[in-house]
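A quick write-up on the structure given underneath.
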Amino acid sequence: MKWLQTYWWKVLCVVLIFYTFWAGLLNDVPRLPILNESIRNLYFHVPMWFAMVGLLFMAFLYSIKYLSSKNIEYDIKAKSYTEIGFFMGLIGISTGSVWARFTWGAWWIDDPKLHGAAIGILIYLAYFILRNSSNNQTLIARFAAVYSIFAFVNFIIFIFILPRLTASLHPGNGGNPAFSQYDLDNNMRLVFYPAVLGFLILGIWLSSLLHRIHILQKKYDEQSL
Amino acid sequence: MMNKVFSFLCLLLLSAKTQAQEPMAEQFRADGKIYVVLAVISIILLVFFIILFRLDRKIKKQEESLKS
């Protein structure tokens, strides 16, 4: 993966993130009741989750690749993507909680989407516990890859499918309109899509750095043996 | 007749409500304080990305020294 070490897409990431913050805070937004200015959270909370799903999807793909090829590099890649994806999930949930406190009046409510997100965090927490459960690298890699595949599929069901089937307060589920309600003038889309791209690329960058660190660690361990 | 007057008054009241502006942070922006927020955020982002680029370069150096 030589291109991963080039710099152009990292510079793009920096530009996109700066743009997201600047345009996100300075541009006009629709005037909606209850949300007021906090609608700008759309540029930060939602892209964090989108980036997380993107990263966990990459982990899912690399897990499948590992199981079909038994190349340990793919497993290390999957692990790196999951680590950064999990971290972004934590950010997503905490930013959502803060947003909820000021719009819904509580840090957490009894809601299918929120419960789904919390279950997703727990699922991936269990993934890391599984990873650390043994010293046998190949065994762990195989277990983790299988678990990762099931984890991702279930995660998608918990945060995207189940909440839409029942009543939910969270936008985009249970009869609530999602983004189409907010992008009344398409001005928000102008910042939202670059924001998603920016945070996704940031996630990939962090994952690639973590992956390279893991590989270096492995090589040092092999050399010292 | 009273019904008509009543419904007309209701319509007037309703239209007045929808025309009312939702409170936004205009005063905050008029004072220019939003730029203070942006400056703080920009400094944080700048430092974060400088650290990230340096980390990237450090890892690259390690990989090259390991290859040789």
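Read the figures in this text as sums done on the coordinates, not as results from a lab. Keep in mind that this is a model prediction, so the values were computed, not measured. Neighbour counts run over all protein chains shown; Cβ positions are idealised from the backbone, glycine included.
Each residue of the range B:53-65 was assigned a 3J(HN,Hα) from its phi angle through the Karplus expression (A = 6.51, B = -1.76, C = 1.60, θ = phi - 60°), giving 5, 5, 4, 4, 5, 4, 5, 4, 4, 4, 4, 5, 5 Hz with x at Gly and Pro. Counting, for every residue in B:31-37, the Cβ atoms of other protein chains within 10 Å of its Cβ and taking the mean gives 1. Over the range A:1-77, all Cα pairs binned in 5 Å intervals from 0 give whole-percent P(r) values of 3, 12, 13, 16, 16, 12, 10, 7, 6, 3, 1, listed from short to long. What is the total of Lys pairs in chain A with C-alpha atoms under 24 Å apart, excluding same-chain pairs fewer than 8 positions apart? Qualifying lysine pairs in chain A: 20.
Suppose only helical runs count, i.e. DSSP H with n ≥ 4. What mean residue ellipticity at 222 nm does that imply for chain A under -39500 (n - 2.57) per run, divided by all residues and rounded to the nearest 500 deg cm²/dmol? Can you show the working numbers first?
On the way: 8 runs with 162 residues, N = 225.
-25000 deg cm²/dmol, from helical runs alone.
Judged by the mean number of other Cβ atoms found within 10 Å, the most tightly packed of the peptides A:66-77, B:31-42, A:140-151, A:48-59 leads the ranking A:48-59, A:140-151, A:66-77, B:31-42. Solvent-free Debye calculation, one equal scatterer per alpha-carbon of the range A:91-225: log10 I(q)/I(0) at 0.10, 0.15 Å⁻¹ equals -0.51, -0.98. Shielding of peptide B:52-59 by partners, expressed as the average count of other chain Cβ atoms within 10 Å per residue Cβ, is 4. The phi-based Karplus calculation (6.51 cos²θ - 1.76 cosθ + 1.60; θ = phi - 60°) puts the 3J(HN,Hα) values of the range A:22-29 at 5, 5, x, 8, 9, 5, 6, 10 Hz, whole numbers, x for Gly and Pro. Here the translational diffusion coefficient of the range A:1-155 follows from Stokes-Einstein with Rh set to the Kirkwood radius across Cα pairs; for 37 °C and 0.692 mPa s it amounts to 187 µm²/s.
On the beta carbon distance between A:Phe150 and B:Asn3, with R0 = 45 Å, the FRET formula returns roughly 0.10. The alpha-carbon atoms of the protein assembly as shown define a convex hull whose volume equals 161 cubic angstrom per residue.
Ranked by the mean number of other Cβ atoms within 10 Å per residue, highest first, peptides A:123-131, A:195-203, B:60-68 order as A:195-203, A:123-131, B:60-68.
Per residue of peptide A:37-46, the mean number of Cβ atoms on other chains within 10 Å of the residue Cβ is 1.
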